[in-house]
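The structure appears right after this line, and notes come after that.
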Amino acid sequence: MDITGTSAIVTGGASGIGAAVVRQLATRGAKVVVADLNAEKGEALATEVGGAFVGVDVTDTEQIKNAITKAVELGPLRVLVNSAGIGWAQRTIGRDGEFESAHDLGAFSKVIAINLIGTFDTLRLAATAMSQNEPDETGERGAVVNMASVAAFDGQIGQASYSASKGGVVGMTLPIARDLSSAGIRVNTVAPGLIDTPIYGEGPESEAFKAKLGESVLFPKRLGVPDELASMVIECVTNSYMNGEVVRVDGGIRMPPK
């Protein structure tokens with residue numbers, strides 16, 4: 001699928017994997033809406049790539065609609081990349097055996113609301129806009145790429161909420177791809193492994209920690225970089241025969257229990 005002259009939305013697009021996706025989509029000729037909570041970074045990136053920034057909390061349907069409206073102003077919306085998400089780590093029960101020390105239910109609900117429900121809400125609305133596009137010469141109207149995680153398959157101790165949210169993203173990929181096939185819209189999911197993003201901090205201690213983490217990767221023994229994930233996203237967008245798939249990009253890692 002040729003995305004030259006079209007518009008795209010990247011949620012969580014102001015930093016990390018999302019920012020790398022924004023830049024690679026722009027290189028391919030798309031006008032990109034950076035949909036993120038971080039206005040400072042989002043506006044700077046949008047200016048850099050000639051796109052637009054829209055402040056979006058993916059748990060707010062109206063804000064999602066605002067991003068879609070802006071994208072359609074820039075060109076036919078043919079690409080959505082759902083990269084917004086949060087993490088959380090907490091054991092299921094506490095050591096003291098008290099109900100109050102069990103996993104925070106509000107935190108569990110928040111992770112599901114952002115990572116899973118937010119992904120679906122953005123997808124259903126963007127796909128609605130895509131369905132109004134004229135099909136291209138291959139019959140396509142758009143492509144969606146969701147961001148999951150290897151935690152969907154190899155969740156570690158404490159990752160119940162995160163793994164559940166990303167497992168939900170994996171689980172809905174095929175049924176939605178089947179559903180949207182009649183509209184000419186493809187849906188794929190990318191599952192990153194350990195990726196070098198700002199979440200690990202900066203400085204010598206951070207670098208040493210990342211190097212230690214990288215030793216657990218099969219090969220190459222390092223953390224992945226955002227551009228390596230973005231490259232797979234672009235492939236899922238532009239390769240018209242990629243549909244209904246979940247692709248791990250993880251250097252062959254299989255996460256241990258902890």
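How many residues does the stretch 164-217 hold that are under 29 Å from ARG91 (Cβ atoms), buried (at least 20 other Cβ atoms within 10 Å of the Cβ) and basic (Lys, Arg)?
1
For the stretch 1-19, what are the residues that are farther than 24 Å from GLY184 by Cβ and buried (at least 24 other Cβ atoms within 10 Å of the Cβ)?
Passing the criteria: GLY12, GLY13, ALA14, ILE17, GLY18, ALA19.
I'd like to know if the stretch 78-97 contains one or more residues that are in a helix (DSSP H, G or I) and either β-branched (Val, Ile, Thr) or within 28 Å of LYS41 (Cβ to Cβ) (or both).
Within the stretch 78-97, none of the residues are in a helix (DSSP H, G or I) and either β-branched (Val, Ile, Thr) or within 28 Å of LYS41 (Cβ to Cβ) (or both).
For the list (1) out of contact with any Lys or Arg (no Cβ under 9 Å at 6 or more places or on another chain); (2) in a helix (DSSP H, G or I), I need the number of the one condition that PHE219 fails.
Result: PHE219 fails condition (2) only.
For the stretch 21-34, enumerate the residues that are farther than 10 Å from VAL49 by Cβ and surrounded by 24 or more Cβ atoms within 10 Å (Cβ to Cβ).
VAL21, VAL33
In the list ALA39, ALA52, ALA89, which residue meets the criterion of being surrounded by fewer than 16 Cβ atoms within 10 Å (Cβ to Cβ) and free of Cβ contacts under 8 Å to residues at least 24 places away in the same chain?
It is ALA39.
Among the residues of the stretch 23-37, write down those that are out of contact with any Asp or Glu (no Cβ under 7 Å at 6 or more places or on another chain), among the aliphatic types (A, V, I, L, M) and more than 20 Å from ALA191 (Cβ to Cβ).
Of everything in the stretch 23-37, those that are out of contact with any Asp or Glu (no Cβ under 7 Å at 6 or more places or on another chain), among the aliphatic types (A, V, I, L, M) and more than 20 Å from ALA191 (Cβ to Cβ) turn out to be ALA26, ALA30, VAL32, VAL33, VAL34, ALA35.
Listed here are the residues, each with its yes/no results for (1) in a loop (DSSP other than H, G, I, E, B); (2) modelled with pLDDT of 95 or more; (3) within 18 Å of the chain's Cα centre (by Cα).
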{"site": "ILE176", "(1), (2), (3)": "no, yes, yes"}
{"site": "ASP179", "(1), (2), (3)": "no, yes, no"}
{"site": "SER182", "(1), (2), (3)": "no, yes, no"}
{"site": "GLU207", "(1), (2), (3)": "no, no, no"}
{"site": "ALA211", "(1), (2), (3)": "no, no, no"}
{"site": "ASP227", "(1), (2), (3)": "no, yes, yes"}
{"site": "ILE234", "(1), (2), (3)": "no, yes, yes"}
{"site": "TYR241", "(1), (2), (3)": "yes, yes, no"}
{"site": "ILE253", "(1), (2), (3)": "yes, yes, no"}
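Quick one: how many residues across the stretch 214-255 are of a type in the set (Phe, Trp, Tyr) and in contact (Cβ under 8 Å) with a residue 24 or more places away in the chain?
Looking only at that region, the number is 1.
Could you check the stretch 210-246 and list, in sequence order, the residues that are under 19 Å from ARG141 (Cβ atoms) and β-branched (Val, Ile, Thr)?
VAL233, ILE234, VAL237, THR238
Residue by residue, here is whether (1) closer than 18 Å to ASP179 by Cβ; (2) surrounded by 22 or more Cβ atoms within 10 Å (Cβ to Cβ); (3) of a type in the set (Asp, Glu); (4) free of Cβ contacts under 8 Å to residues at least 60 places away in the same chain holds:
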residue	(1), (2), (3), (4)
VAL81	no, yes, no, no
ILE93	no, no, no, yes
GLY97	no, no, no, yes
ASP121	yes, no, yes, no
ARG124	yes, no, no, yes
GLU134	no, no, yes, yes
ARG141	yes, yes, no, no
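When only residues in the stretch 152-174 that are in a loop (DSSP other than H, G, I, E, B) and small (Gly, Ala, Ser) count, which is farthest from SER101 (Cα to Cα)?
That would be GLY155.
Have a look at THR11, THR47 and point out the one that is more than 19 Å from the chain's Cα centre (by Cα) and either modelled with pLDDT of 95 or more or within 20 Å of LEU229 (Cβ to Cβ) (or both).
Within the list THR11, THR47, the selection yields THR47.
Restricting to the stretch 130-151, and then to whatever is under 17 Å from GLY118 (Cα atoms) and not in a loop (DSSP other than H, G, I, E, B), can you tell me which residue is nearest to the chain's Cα centre (by Cα)?
Top of the filtered list is MET147.
The values are calculated or read from the model by the stated rules, or taken from the named source; none is laboratory data. Bear in mind the structure is a predicted one, so any value in this text is a computation, not a measurement. As a convention, Cβ positions derive from the backbone with ideal geometry for all residues, glycine included, and neighbour counts pool all protein chains shown.
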